[in-house]
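Enquirer: For reference, the structure I am asking about is given below.
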Amino acid sequence: MVVPAAELPAVTTSYTLTASSGDGTSSPQPVIDEDAPVVTVVLHRDRGALRQPTIGFTIASGLVFAVLAQSLHRRDKLADKQRAAPIGGA
């Protein structure tokens, strides 16, 4: 799949020298290791995997809503018909 470069965010990062305080206080600020190579990380987002379950849930919910709305409509039509019928069932 060909992805436009605008949709591929990249982050350039460097290794840092390991430093720990060891006495329970907060860690010191990281120091960049000048001898280490620079690393570029490219993020490729696969949005299709996130959209597919959502679309399936939306379609299923819509079908359930349509079935329930149709059954309520039929029930209301039957109730109107029974109200309009003369008393005594003639």
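The values are calculated or read from the model by the stated rules, or taken from the named source; none is laboratory data. As the structure is a prediction and not an experimental result, all values here were calculated from the model. Cβ sites come from the backbone with ideal geometry, for glycine too, and all protein chains shown count toward neighbours.
Enquirer: Give the residue, chosen from 83, 75, that is at pLDDT 85 or above, more than 21 Å from residue 11 (Cβ to Cβ) and surrounded by 10 or more Cβ atoms within 10 Å (Cβ to Cβ).
Expert: Result: 75 is the single residue among 83, 75 that is at pLDDT 85 or above, more than 21 Å from residue 11 (Cβ to Cβ) and surrounded by 10 or more Cβ atoms within 10 Å (Cβ to Cβ).
Enquirer: Kindly provide the set of residues from segment 58-89 that are of a type in the set (A, V, I, L, M, F, W, C) and either on the phi > 0 side of the Ramachandran plot or not in a helix (DSSP H, G or I) (or both), ordered by number.
Expert: The answer is 85, 87.
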